[in-house]
Structures are given as C-alpha cells and as structure tokens.
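In what follows, a single structure is set out as structure tokens and then discussed.
The values are calculated or read from the model by the stated rules, or taken from the named source; none is laboratory data. Owing to the predicted nature of the structure, the values given are computational and were not obtained by experimental measurement. Cβ placement follows ideal geometry from the backbone for every residue including glycine, while neighbour counts extend to all protein chains displayed.
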C-alpha cells in the first residue's frame with residue numbers, strides 16, 4: 001500500500017531525532033551498567049554478604065525493577081504536570097550523577113555502591129518511561145505516531161542488546177571495571193547532550209500530585225479501565241513482557257542445558273530474538289500505513305503461539321558438547337531453532353506496536369503519562385509473575401522447552417480472552433486480511449478525516465468492498481449506514497455488527513427502521529463519532545455515479561457536522577462489482593493485487609454539503625491520477 005509519509009524522515013526532524021537518541025542512549029547505558037555489574041559479581045567480586053553470585057545477580061535484577069513498582073505512579077503525575085522536554089533534561093542531568101556513583105563503585109570494586117547505582121538507574125528509567133511514550137503524540141502528526149513508536153520500540157531492544165554486549169566486553173578488559181564505569185559516565189553525558197534540542201511539550205491539564213504510590217496506582221488503573229479496550233491493550237502489552245521475559249531469561253540456560261552451547265551461542269540467539277522484535281516493529285509500521293492497525297495484534301499473538309510451540313518440538317532430545325556458533329549452525333535442525341527465535345521476536349513486534357499506539361491515542365490526553373505509568377506498573381507485575389512461574393515450573397522438574405510450550409499455550413488462552421472481550425481486534429484482522437490479500441491500496445488525503453470529533457463521511461458506491469476499504473483506511477472507527485439486506489449477509493454482518501453499523505431501509509419497505517436509523521446517526525454524531533453513508537443509495541451498475549440523494553441534508557440539518565467526501569477508484573470490474581451482471585459471480589475476474597485508489601477531500605461545511613456539491617467533489621476526486 002502506498003502511504004503518505006516515510007517513517008525514515010522522522011529521523012531527520014527535531015520533533016523526533018533528539019528524543020530517539022536520548023532514549024536509545026538511556027537504554028544502552030542502563031544495560032552497560034547492569035551487564036558490567038553482573039559479570040563483576042559473577043567472576044571477580046566474590047561473595048556479597050555471604051550470598052552466592054547467582055543470588056546476588058537476582059537481587060540486582062530486583063533492585064533495577066523495584067523503582068518501577070514504587071515510583072511509576074509518581075513519575076506519571078510528574079510527567080503530566082511539567083513540560084516533558086524540560087523534565088527530560090533534568091532526568092538526564094541526574095543520570096550523569098548516577099553514572100558518577102557507578103564509576104566510583106566500579107573503581108573500588110564495591111558491590112553495595114554498584115547495587116545502589118543500579119537502583120538509581122532503575123529510578124531514572126522509571127521517571128523517563130512515561131515521558132518517552134506520552135510525548136510522541138504531542139510532537140508527531142497522527143500518521144507519524146505508529147512510525148515513532150516502531151522506531152522507539154526497535155531502538156530500545158537494540159540498545160538493550162548492544163549495551164549488554166559492550167558492558168560484557170568492557171568488564172573483561174584489563175582494568176575493565178574502570179573502563180565500564182567511565183563508559184557509563186560518557187554515555188550519560190551523550191544522553192544529556194542529545195536531550196538538549198527536544199522541543200517543548202507543555203502539560204495538557206492540571207494535576208494534583210498524590211505522593212502515595214499505591215492509591216495513585218489504583219486511581220490510574222481506574223482511569224484506564226474507563227475505556228475497556230485501552231485497559232485490555234495495557235494487559236496485552238504486559239502479557240508480552242510476561243512471555244518475552246520467560247523466553248529471554250531462560251535463553252542462557254536453554255543454550256547451556258538443552259543445546260549444549262557456549263556463552264557466545266547464547267548471545268547470538270539473544271541477538272536473533274531482539275533483532276526480530278526490532279524488525280517486527282518496523283514491519284508493523286509499514287503494514288499499518290501510518291494508522292493504528294489493530295488487525296496486526298491477533299496476527300502477532302498467533303505467531304507468538306505457533307513458533308513457541310514449534311520451539312518445543314524443534315529442541316533436541318540430547319544436548320551437544322560446548323557448541324560454538326559455527327558448530328551449532330552445522331547441526332541438523334539449528335536453522336529451525338534460529339527461525340523460531342527470530343519469528344517469535346518479529347511477531348512480538350507486530351503484536352505490541354498497535355497496542356502501544358492504541359493506548360497513546362485513545363486515552364484522555366491530559367492523563368496520557370499517568371496511563372503509561374500505570375501500564376509500566378502492570379508490566380513489572382507481570383514480569384515478577386513470569387519469574388515466579390519460571391521458578392515454580394523448574395522446581396517441579398519441568399524442562400526449559402516444556403516451560404516454553406506452557407508459555408505458548410498460555411499466550412493462546414490470553415489472546416482468546418482478550419479478543420472475546422474486545423471483538424474489534426478480530427474484526428480489524430478480518431478487514432485487513434480481506435483488503436490486503438486482494439488489493440493494493442493507494443491512499444491520499446488521510447489528514448482531511450478529523451483526528452477527533454464528529455464528521456459525516458460520504459463516498460461513491462462501486463462494490464460490496466467499499467465499506468471494508470474505508471474501514472481499513474480510516475485511522476478512527478467508522479459507523480456505517482448500510483442497506484439492511486447487505487447487513488444481513490453472514491460475513492458482512494460479523495464485521496459490521498462489531499463496528500456498530502446502522503442498518504437502514506427505504507421508507508416504502510420499513511419506515512420505522514428508516515427513522516430509527518436517522519436517530520442512531522444523530523446520536524453517534526452527537527457523541528463525536530465518525531459516520532459513513534453512500535448517498536447514491538445503491539451500488540452502481542454502470543461504473544458511473546448515480547445522483548446523490550438528500551439523506552445527507554436531513555442528517556446535517558439535525559446534527560450540523562463537517563461532511564468529508566471520499567472516492568474509491570479501481571474496483572469497477574472486480575469480483576465484488578456489478579459489471580456484466582450480479583456481483584460475486586465470477587471469481588478472479590481481474591486476478592489479485594489490483595491497485596485501488598482511495599482519495600479523501602477537504603471537509604465541506606454542513607450548509608455547503610448539498611447533494612450536487614458533494615457529487616461534484618466525489619467526481620473530482622475520482623479523476624485523480
């Protein structure tokens with residue numbers, strides 16, 4: 001599908017590049033410190049307070065996540081109270097101080113000082129987290145938000161991977177602890193420099209700060225649950241962290257115990273998984289076409305289940321011996337395991353990006369940072385639950401492949417629950433598959449559809465596919481007014497019932513249904529929704545426009561709203577059109593992947609939206625090259 005923006009251009013803008021570099025350097029520095037500390041504890045520092053290195057590493061991981069529980073609610077409030085760009089510069093200044101503490105800890109080989117620095121770095125990340133996601137809708141255009149999230153998500157995971165690698169390399173050098181500490185300071189300073197040009201992002205509402213984290217967390221979750229779809233999107237993201245942590249945390253043991261591999265092989269497969277997430281995030285942006293495409297979410301969850309199950313069956317019955325990367329690649333079945341990890345990551349990217357954008361764009365703007373903070377708390381809770389399940393499962397004697405299988409089956413159960421609660425996800429998947437499996441859509445003028453508030457969309461009627469094309473291309477949900485006979489068709493009824501379509505009948509057939517339809521249209525527009533109608537009143541038999549009827553006037557006289565003209569070209573002569581007879585009687589009449597043009601024109605004021613004016617505008621849009 002041709003889209004109206006190029007996400008690569010975001011990296012050239014001041015609206016995005018400074019934030020992108022700032023968050024990348026922050027995530028990178030977190031993992032340089034964390035990896036350096038863990039390897040120092042494991043191989044050089046000896047016992048800490050009589051604890052084994054393995055337990056000390058577990059304590060370190062807990063200290064890094066603990067601030068997310070304790071301070072996320074406060075971080076969300078602060079982010080909604082002050083200018084987010086100013087806050088980012090303050091936070092990055094504090095990071096330099098934290099890096100200085102880490103440098104001291106590495107210099108004197110002090111595990112307590114380093115654990116304190118790690119806790120403070122987790123605190124720094126806790127306060128930056130709500131900012132980096134809530135600032136995107138303020139700085140980016142509506143069609144850029146998906147791309148911005150894809151870049152942030154992919155860069156974060158790549159930064160985690162590279163930071164872990166660099167931290168491991170530095171700590172292994174002569175005087176490696178000092179080099180690691182110096183690197184932490186250097187990258188903190190670079191992050192502060194990157195944050196300087198971030199444009200202002202003032203607060204969108206007034207906030208009464210509540211410093212009680214537990215009551216504030218409860219309040220934020222209540223606000224988020226006001227929109228059931230948003231709350232379940234938060235739960236879906238947190239579930240991914242549950243499942244992803246299960247895979248990532250057990251990967252070293254899987255390589256060692258199940259594959260018989262060396263540490264380098266563990267790093268390699270971890271890189272495959274993380275690069276898969278990064279690529280999946282960017283594919284999600286491309287497949288979304290600059291809008292929130294919720295149909296990718298069930299597709300992503302299906303992939304997470306299928307390749308998690310396949311990883312169980314692909315795992316060898318007996319391990320090799322001290323396998324390096326080359327030795328592993330030479331073994332039968334190795335590429336299947338690599339593909340499983342890569343595709344688990346890629347489908348994870350497809351799954352999470354639409355959910356993040358859904359939260360950002362559908363929650364109240366003045367609460368956005370606090371909703372993101374509440375999501376971070378849920379993420380942390382699910383990660384703890386994942387760790388507890390892993391410990392319990394291993395304690396019961398389960399193998400690591402069996403844990404992966406249980407995770408994949410649980411993923412399927414969670415997905416089915418969410419999609420049952422919010423059928424919009426499956427509805428969007430059906431629409432996306434139908435449209436994109438048959439056509440290539442070139443869309444123009446998306447910006448003319450208002451990002452919020454009511455509007456009446458009108459379009460020419462070429463085929464049975466017209467509503468699906470509009471639904472697939474709109475960044476917002478659309479309620480269609482459609483002939484009750486078409487609405488009764490099984491597949492169409494499933495899709496449009498969940499979209500709350502409004503069936504209508506001619507006055508001569510059912511005057512009661514007709515008046516009820518007008519009442520529903522008025523109520524929907526009053527509630528700020530988008531409503532779409534086909535003013536010709538029927539699908540064309542000639543490929544040309546029929547005269548527009550006066551229903552539009554009746555609607556806007558009762559509820560004055562902008563009227564947005566749409567035009568679809570390229571569907572005449574297709575399987576779903578009436579060229580040469582009844583529709584849907586001659587399969588593959590024009591083959592597949594035909595190009596469809598979808599054009600949106602500037603909105604007309606209610607008083608100017610006469611049938612003649614609207615028909616002339618739709619005719620003009622149809623003639624665009």
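Here are the numbers for the structure shown:
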quantity: Hey, residue 146 touching a helix residue (DSSP H, G or I) at 6+ places or on another chain (Cβ under 8 Å) and more than 30 Å from residue 354 (Cβ to Cβ) or not; calculated: no
quantity: Verdict on residue 355 being closer than 24 Å to residue 281 by Cβ, in contact (Cβ under 8 Å) with a residue 60 or more places away in the chain and either within 19 Å of the chain's Cα centre (by Cα) or not assigned by TED's automatic domain parsing to the domain that holds residue 67 (or both); calculated: yes
quantity: Helices (runs of 4 or more DSSP H) fully within the stretch 295-368 counting 3 or more residues that are in contact with a helix residue (DSSP H, G or I) (Cβ under 6 Å, 6 or more places away or on another chain), surrounded by 15 or more Cβ atoms within 10 Å (Cβ to Cβ) and modelled with pLDDT under 90; calculated: 296-314, 334-362
quantity: Any hit, the stretch 401-420, residues being assigned to a helix (DSSP H, G or I), within 26 Å of the chain's Cα centre (by Cα), closer than 30 Å to residue 543 by Cα and modelled with pLDDT of 80 or more; calculated: no
quantity: Hey, residue 440 surrounded by fewer than 21 Cβ atoms within 10 Å (Cβ to Cβ) and either within 17 Å of residue 566 (Cβ to Cβ) or free of Cβ contacts under 8 Å to residues at least 12 places away in the same chain (or both) or not; calculated: no
quantity: Sole residue being under 24 Å from residue 388 (Cα atoms) and under 17 Å from the mean Cα position of the chain (by Cα), chosen from 269, 304; calculated: 304
quantity: Condition met for residue 226 (surrounded by fewer than 17 Cβ atoms within 10 Å (Cβ to Cβ), under 24 Å from the mean Cα position of the chain (by Cα) and not in a helix (DSSP H, G or I)); calculated: yes
quantity: Out of 126, 88, 81, 93, sole residue that is within 17 Å of residue 26 (Cβ to Cβ), at pLDDT 85 or above and surrounded by fewer than 21 Cβ atoms within 10 Å (Cβ to Cβ); calculated: 93
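Condition check ((1) more than 15 Å from residue 461 (Cα to Cα); (2) assigned by TED's automatic domain parsing to the domain that holds residue 467; (3) without any contact (Cβ under 8 Å) to a residue 12 or more places away in the chain) across all residues:
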{"position": "530", "(1), (2), (3)": "yes, yes, no"}
{"position": "533", "(1), (2), (3)": "no, yes, no"}
{"position": "536", "(1), (2), (3)": "no, yes, no"}
{"position": "542", "(1), (2), (3)": "no, yes, yes"}
{"position": "549", "(1), (2), (3)": "no, yes, no"}
{"position": "556", "(1), (2), (3)": "yes, yes, no"}
{"position": "565", "(1), (2), (3)": "no, yes, no"}
{"position": "571", "(1), (2), (3)": "no, yes, no"}
{"position": "604", "(1), (2), (3)": "yes, yes, no"}
